Amino acid sequence: MKRLYYDGSIIDTEDGKKYDWLLIDGKLIKDKGFKNDIPSDLSEDEKCSLHGSTLMPAIIDPHSHITSYAISSLQPSIENAESFDDIILTVSEFIKQNKPKETDFVVCSGYDHNMLKEQQHPKKELLDRKFPDTPIVLQHISGHMGVMNQRALDLLSINNDNNGLLLENDYISSIKRIPLPGTDAIKKAIVKAQNTYASFGIATAQEGMIAKEMIPILKMAENEGLFFMDILGYADLKDYEEIFSSFSECLNEYHSRIKIKGLKIFLDGSPQGKTAWLREAYEGERDGYNGFGTMSDEAVTDAFKTAIKLNKQLIAHCNGDAAADQLLKCACMAATADKIAALRPVVIHSQLLHPEIMPKLKEYGFILSFFPSHIYYWGETHVKNLGIERAERLSSLKSALNEGLIYTMHQDTPVLSPNLFKAMQSAILRKTKSGRLLGDKERLTALEALQAVTINAAYQYGEEHIKGSLREGKLADLVILNENPLETDPEKLDKIKVEATIKEGRYIYTA
């Protein structure tokens, strides 16, 4: 079935050029052009007026955790909590309405201690007083730490002497062991999560870390065909053998829209939680505390060697400059530049890269996936924790571009909603919530920002030959918007409305 789109703005993201029409044939883009050469041999049923709207390649999500996002929708959110009292009220209301059993965990996601009136993490004793019989977990918005009450600690057999606060590996390993919701609820949540992604124009999404505990969920989704957009998954390095064995049909191609693309490692934590690993101490730390790494040099080097052996992409969570230093050092120890570059390794978050290592990152073929919305949501916290000089270096997108590095940008959902127009806005404006301009020299143009979540993101996945632009022969993964993002006031960019998202010629979302 052919379909001709016309009567609107048709934007190709490779160069920002505007066309008058686009023709698709089945799953593929057939042709594009200008008014003087519009096809005349099509029936009225094959023509689709845009009525002045904008059509462009669908958005590609370069990094998120779609399964975690789905499951989090089944639990209460405390993202907007401004105090301990707000948290207690939200949890109380959830328990009252849902009446969980004494062994049913209530996992509340999204609190940010920097935004709470108390300016600290909630304590176990507070939760124990209010909820002595229900296992409660308060997950920090970073996803790298959280607070548990005694009931939750006991059920998970955790000894904790830090007021219930668990950090980094201790927290991440513990959260994996919490029993999952029922199958029917998870199925509905997976479909709902995709609908939300598609409502932001996304047709390709990521499962940013598959732990072995997630195998049953993803196998169910694979077997029952629950995914209607492409999902690229990255196996936790510790569990990769079991994951690869479980998804043998998904290792080299999509099967039921899932592909196991590579391996994932964590090298540090989060800057707003002061667990990112820095070259120099955080501001105000008398003992020189600079965060910490989570893997040894030997382990990181072995990760690269494993990725080369398996011919799989390696993505590495790195927020701090010391963590990025370690990643690059270990890549150099693991193999030659050409062998590392063949992996298209990705520095996930890339928050505080030191400028001096960018040429070497380019030589070894690293791709940088930035999280620029940090500037808006936590910019003032970063100024406080890092000082203005380092804070202005956050998400140094323009420096990466000038160095010739491939860059993408993400929202790290469920940390933030999968609205990549918000990420683009932050990369263009670089304004904090208070309106402070943070790092003027690192601002991108609208086209440069749009390329980060289309053609560059396709390259990150090794799919630039089938996605990311309107080139003839690529998949008809498209999005229709109410405004042209290249001409919209950047202050309003995050308010752009998606009218439709199209996956391989089929509508997967309509407003």
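The values are calculated or read from the model by the stated rules, or taken from the named source; none is laboratory data. What you see is a predicted model, and the numbers here were worked out from it, not measured in a lab. Note that each Cβ is placed from the backbone with ideal geometry, even for glycine, and that neighbours are counted across all protein chains shown. Accessible surface is based on the protein model in full, side chains and every heavy atom, while ligands, DNA and RNA are left aside. Shrake-Rupley method; radii C 1.70, N 1.55, O 1.52, S 1.80 Å.
Could you put S245, S92 in order of accessible surface area, largest first, with the 1.4 Å probe and the full protein assembly present? Intermediate values should be presented prior to the final figure.
Values: S245 85, S92 45 Å².
My answer, sorted largest first, is S245, S92.
Positive-end ranking of P355, T306, A324 along the dipole of the range 294-425, with charges on Cβ about the Cα centre, is headed by T306. For the range 359-373, the residues whose amide N sits under 20 Å from a probe point set 7 Å from the Cα of L437 along the beta carbon direction are 372-373.
For the cross-link pairs K259/K431; K47/K219; K312/K398, the ones whose C-alpha atoms lie over 30 Å apart are K259/K431; K47/K219. Surface exposure of the range 451-510, expressed per residue as accessible area with a 1.4 Å probe, stands at 37 Å².
Determine the share of the chain's accessible area contributed by carbon and sulfur atoms, expressed in whole percent, with a 1.4 angstrom probe. Mind showing how you got there, number by number?
On the way: 9510 of 20450 Å².
Here carbon and sulfur together make up 47 percent of the probe-accessible area.
Fully extending the segment from H255 to E298, taken as 0.36 nm per residue of separation minus the present Cα-Cα distance, adds 12.0 nm. Figure note: K433, K274 ranked by solvent-accessible area, largest first, 1.4 Å probe, ligands and nucleic acids not counted: K433, K274.
Can you tell me the FRET efficiency between N195 and A281 if r is taken as the Cβ-Cβ distance and R0 is 51 Å, rounded to the nearest 0.05?
Values: r = 44 Å, r/R0 = 0.87.
The value I calculate is 0.70.
Remark: the Cα gyration tensor places the range 219-284 in the prolate category, a/c being 1.5 or greater and a/b exceeding b/c. Ranking M209, L4, I428 by Cα position along the charge dipole of the chain, where only Lys, Arg, Asp and Glu carry charges on their C-beta atoms, puts L4 farthest toward the positive end.
The phi-based Karplus calculation (6.51 cos²θ - 1.76 cosθ + 1.60; θ = phi - 60°) puts the 3J(HN,Hα) values of the range 82-88 at 10, 7, 4, 4, 4, 4, 4 Hz, whole numbers, x for Gly and Pro.
Under a model in which nothing but the beta-carbon of Lys, Arg (+1) and Asp, Glu (-1) is charged, the chain shows a dipole of about 220 debye around its Cα centre.
Averaging Cα coordinates gives a centre for the range 258-336 and one for the range 458-506; these two points are 31 Å apart. By how many degrees, between 0 and 90 and to the nearest 10, does the Cα long axis of helix 373-386 differ from the longest principal axis of the chain? Result, in degrees: 40. Taking 7 Å steps out from each Cα toward its Cβ at S173 and E46 produces label points 6.1 nm apart.
For the chain, what is the calculated [θ] at 222 nm in deg cm²/dmol (nearest 500), taking -39500 (n - 2.57) for each run of four or more DSSP H residues and dividing by its residue count?
Values: 18 runs with 164 residues, N = 511.
Helix-only estimate at 222 nm: -9000 deg cm²/dmol.
What fraction, in whole percent, of alpha-carbon pairs in the chain exceed 35 Å separation? Here the long-distance tail beyond 35 Å is 34 percent of all Cα pairs in the chain.
Heavy-atom accessible surface of the range 271-422, averaged per residue, reaches 34 Å², computed with a 1.4 Å probe.
Among DSSP bridges having both ends in the chain, what percentage is antiparallel? Round to the nearest 5. Beta bridges within the chain, antiparallel portion: roughly 45 percent. Taking the longest Cα principal axis of the chain as reference, the axis of helix 183-199 is set at about 50 degrees. Normalising by the residue count of the chain, find the relative contact order in percent from Cα pairs under 8 Å and 6+ residues apart. It rounds to 17 percent for the chain.
Taking Cα atoms only, the orientation of helix 420-429 departs from the longest principal axis of the chain by about 90 degrees.
At R0 = 41 Å, how high is the FRET efficiency between K117 and I38 if r is their beta carbon distance? Nearest 0.05 is fine. All intermediate terms of the calculation are to be shown ahead of the outcome.
Values: r = 60 Å, r/R0 = 1.47.
Using R0 = 41 Å, I get an efficiency of 0.10.
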